[in-house]
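What follows is a set of notes on a single structure, which appears directly below.
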Amino acid sequence: METVVSKRLINVDEYHKIAEIGILKPDDRLELINGVIYEKTPIDSKHAAIVNKLAGYLNELFKGFAVIGVQNPIKLDYKNEPEPDFAILKYRSDFYTTAHPVPSDMLAIIEVSNASIRFDKEVKAPLYASHCIPEYCIIDLENNQIEVRSNPKEGIYSKTQLFLPGDDVCLIDKKLSVNHVLIIG
């Protein structure tokens, strides 16, 4: 007789309970993706600098129009609570104090990627597309470029655009300079 072994995935509520009882520490860098807890890669100084610079830039660019979540949780469904570098959210005067944002609140997601580039493209892109996040932007530090995916349909983004130094990126009808985002020159 063959024994079948199955994987036990957890949901968002269980994830929060694990944190409440202290198994997960507040400074752990984790995400819940498809019921699995993933440890996020360490942030190097270039990644941190771009997040810091872009946080101010996005807050100014979208002031009064959107809330900019910086490395905060978003609840996609009962088994997914990633923490993207940026979530550009529909404006709410309470800044989402009552609950984490859900897909209908999201205008765009931005990930700053170096060591996590493959995970961001192969795991997170289909995850965000399957939840109809309108735009997904990957800032690729290794290749010095920005990839913008849009038009989510059936779990994939049907449109992908690549932007290089010297180009302007259009994100939610706002222009961002690649040179400015990537801290070039």
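Restricting attention to the stretch 143-153, does a residue exist that is without any contact (Cβ under 8 Å) to a residue 12 or more places away in the chain, more than 17 Å from Ile74 (Cα to Cα) and within 14 Å of the chain's Cα centre (by Cα)? No, because not a single residue in the stretch 143-153 is without any contact (Cβ under 8 Å) to a residue 12 or more places away in the chain, more than 17 Å from Ile74 (Cα to Cα) and within 14 Å of the chain's Cα centre (by Cα).
Could you list, in sequence order, the residues of the stretch 1-52 that are open to solvent by 70 Å² or more (accessible area, probe 1.4 Å), in contact with a Lys or Arg (Cβ under 7 Å, 6 or more places away or on another chain) and of a type in the set (D, E, K, R)? Arg29, Glu39 - these are the residues of the stretch 1-52 that are open to solvent by 70 Å² or more (accessible area, probe 1.4 Å), in contact with a Lys or Arg (Cβ under 7 Å, 6 or more places away or on another chain) and of a type in the set (D, E, K, R).
What do you reckon, is Pro134 surrounded by fewer than 21 Cβ atoms within 10 Å (Cβ to Cβ) and either in contact (Cβ under 8 Å) with a residue 12 or more places away in the chain or touching a strand residue (DSSP E or B) at 6+ places or on another chain (Cβ under 8 Å) (or both)? So Pro134 passes the test. Consider the stretch 69-83 and keep the residues that are within 18 Å of Ser113 (Cα to Cα) and in contact with a Lys or Arg (Cβ under 8 Å, 6 or more places away or on another chain). The one that is most open to solvent (accessible area, probe 1.4 Å) is Glu83.
Any residue in the stretch 162-176 that is of a type outside the set (A, V, I, L, M), open to solvent by 60 Å² or more (accessible area, probe 1.4 Å) and under 25 Å from Glu31 (Cβ atoms)? No, every residue in the stretch 162-176 fails to be of a type outside the set (A, V, I, L, M), open to solvent by 60 Å² or more (accessible area, probe 1.4 Å) and under 25 Å from Glu31 (Cβ atoms). Of all the listed residues (Ala55, Ala66, Ala87), the sole one being surrounded by 15 or more Cβ atoms within 10 Å (Cβ to Cβ), farther than 26 Å from Ala115 by Cα and in contact with a strand residue (DSSP E or B) (Cβ under 8 Å, 6 or more places away or on another chain) is Ala66.
The values are calculated or read from the model by the stated rules, or taken from the named source; none is laboratory data. What you see is a predicted model; the values in this text were computed from it and never measured. Glycine gets a Cβ as well: all are built from the backbone with ideal geometry, and neighbour counts include every protein chain shown. What goes into the accessible areas is simple: the full protein's heavy atoms, side chains included, and nothing from ligands, DNA or RNA. Shrake-Rupley method; radii C 1.70, N 1.55, O 1.52, S 1.80 Å.
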